[in-house]
Amino acid sequence: MDTPFIPLVSNQFSSTLTTQFLADSAAQDKFVKALVDRSVQLGVPGINVDFESLAGSDRNAFTAFMTKLTSYAHLNSLVVSIDLPRGSVKWNHLSAFDHEKLGSLVDYVVIMAYDQFWRGSTSAGSVAGLPWTDGGIQEFLSYGIPRDKIILGIPYYVREWKLDSAGALQSNRTLLMKDIPALLASKSTKQTWDKTFEQYRIEYQEDGFTYIFWLEDEATVKARLDMAKKYDIAGVAAWRLGYDQADLWKLILQNK
């Protein structure tokens with residue numbers, strides 16, 4: 001049996017482009033029709049919308065666009081999912097994403113439960129501490145999004161932080177999950193349990209610099225799968241295919 005795939009539709013992470021698009025009703029209508037008609041032609045079961053870096057002022061316009069897209073997609077028997085950032089209930093009303101309304105429109109909502117600490121962060125930390133991830137599911141449930149619509153996003157990467165001898169942050173880089181075992185084997189690392197993130201903190205020294213990251217491995221993936229089961233949500237997703245080791249899928253299939 002062929003595995004069904006769902007195309008991901010992005011906005012190229014451009015807030016300027018998206019603001020212009022959301023101000024142009026005719027452009028939206030043309031886009032929605034072309035996207036849905038092409039999806040039907042391809043025989044795919046649905047569409048995944050991944051619009052990011054939106055201006056907060058586009059909140060209502062984005063919801064209106066998603067209403068148009070979902071309505072026409074549903075007319076053509078397509079499933080619509082949307083990827084939404086793990087944020088904060090306190091300031092969600094200032095963001096471009098009206099989780100309550102979007103959650104009522106679409107079929108599935110994927111929590112982008114990663115980038116707790118990200119490329120632009122001014123201090124080192126995990127990309128997705130387990131307590132923070134758990135809080136993300138609670139956050140989305142608090143918006144009234146039904147459990148059977150919520151999908152938990154899992155990171156298949158970490159962020160490695162470079163600090164100087166004074167402990168000042170110099171830079172950071174993305175480290176793919178599949179590349180971590182080789183790095184651990186090639187360095188003299190120190191591993192300590194971090195109660196804040198509920199993950200192992202890995203540290204090593206090289207050329208006068210200290211490198212640190214918070215480990216993602218089979219144990220953290222299992223913990224996230226258990227979290228999805230605990231809240232009885234629709235399932236999990238991962239960012240992204242190709243960042244993982246092949247044997248990780250055995251674990252996932254065993255814990256379905």
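The values are calculated or read from the model by the stated rules, or taken from the named source; none is laboratory data. Worth saying up front: this structure is predicted, and the values here are computed from it rather than measured. Quick reminder, even Gly has a Cβ in these numbers, built from the backbone with ideal geometry, and neighbours come from all protein chains shown. The protein model used for the area step is the full one, side chains on, heavy atoms only, and it has no ligands, DNA or RNA in it. Shrake-Rupley method; radii C 1.70, N 1.55, O 1.52, S 1.80 Å.
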Residues meeting the amide H criterion for Gln199 (H placed from the backbone, H to H distance under 5 Å, 5 or more places apart or on another chain) are Asp194
Among (1) 15.4; (2) 17.1; (3) 11.9, the value of mean projected area of the Cα convex hull in nm² computed for this structure carries the label (1)
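Quick one: with all protein chains in place, what share of the accessible area of the chain is carbon or sulfur, to the nearest percent (1.4 Å probe)? Kindly include the intermediate steps, with their values, before the conclusion.
On the way: 7100 of 13210 Å².
The computed percentage sits at 54.
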Residue by residue through region 168-174, the couplings from Karplus 6.51 cos²θ - 1.76 cosθ + 1.60 with θ = phi - 60°, in Hz, x for Gly and Pro, are 7, 5, 9, 6, 8, 8, 7
So the number of lysine pairs in region 158-240 with alpha-carbon atoms under 29 angstrom apart, 8 or more residues apart or on different chains, is 18
So the angle from the long Cα axis of helix 25-42 to the longest Cα principal axis of the chain, reported in degrees to the nearest 10, equals 80
In the chain, taking the dipole from +1 charges on Lys and Arg beta carbons and -1 charges on Asp and Glu beta carbons about the Cα centre, the listed residue (Val49, Leu241, Ala219) farthest towards the positive end is Val49
Expressed in square angstrom to the nearest 10, the accessible area of Leu42 with a 1.4 Å probe stands at 100
Expected field for Glu52, accessible surface area in Å² at 1.4 Å probe radius, rounded to 10, holds 40
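Region 52-91: which chymotrypsin sites (Phe, Trp or Tyr not before Pro) are DSSP loop and have at most 11 other beta-carbon atoms within 10 angstrom? List each step's numbers first, then the result.
Working: sites: Phe62, Phe65, Tyr72, Trp91; in loops: Trp91.
Of the chymotrypsin sites (Phe, Trp or Tyr not before Pro), the ones in loops of region 52-91 whose Cβ has at most 11 other Cβ atoms within 10 Å are Trp91.
Over the chain, give the accessible area per residue in Å² for a 1.4 Å probe, as an integer. Each step should come with its number before you reach the end.
On the way: 13210 Å² over 256 residues.
Per-residue accessible area for the chain comes out at 52 Å².
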For Gly235, the residues 5 or more places away or on another chain with a placed amide H closer than 5 Å to its own amide H are Leu152
SASA check, Asp207, accessible area w/ 1.4 Å probe, all protein chains in place, rounded to nearest 10 Å², comes out at 140
Between the Cα axis of helix 218-230 and the main Cα principal axis of the chain, the angle (0 to 90°, nearest 10) is 40
Placing +1 on each Lys and Arg Cβ and -1 on each Asp and Glu Cβ in the chain, then taking the dipole about the Cα centre, the residue among Gln12, Thr192, Ala23 whose Cα reaches farthest towards the positive end is Ala23
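Would you work out the charge dipole size for the chain about its Cα centre, treating the Cβ of every Lys and Arg as +1 and the Cβ of every Asp and Glu as -1, and quote it to the nearest 20 debye?
On the way: 26 positive and 30 negative charges, 40 e Å.
I would put it at about 200 debye.
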Between the residues Val109, Thr63, Leu78, the Cα farthest towards the positive end of the dipole of region 56-133, that dipole coming from +1 and -1 charges on the beta-carbon of Lys, Arg, Asp and Glu, is from Thr63
Here, chymotrypsin sites (Phe, Trp or Tyr not before Pro) of region 1-44 satisfying both criteria (DSSP loop; at most 13 other Cβ within 10 Å) are Phe5, Phe13
HN-Hα couplings for region 138-146 via Karplus (6.51, -1.76, 1.60; θ = phi - 60°), in whole Hz with x for Gly/Pro, come out as 4, 4, 5, 5, 5, 7, x, 6, x
Label model pair Arg38, Glu100: point-to-point distance (7 angstrom along the Cα→beta-carbon line) in nm is 3.5
Along region 108-121, Karplus-curve 3J(HN,Hα) (6.51, -1.76, 1.60; θ = phi - 60°) to the nearest Hz, with x for Gly and Pro, reads 9, 10, 8, 7, 7, 7, 8, 6, 4, 10, 10, 3, x, 5
Tilt, helix 59-75 to longest principal axis of the chain (alpha-carbon atoms), in degrees rounded to tens, equals 70
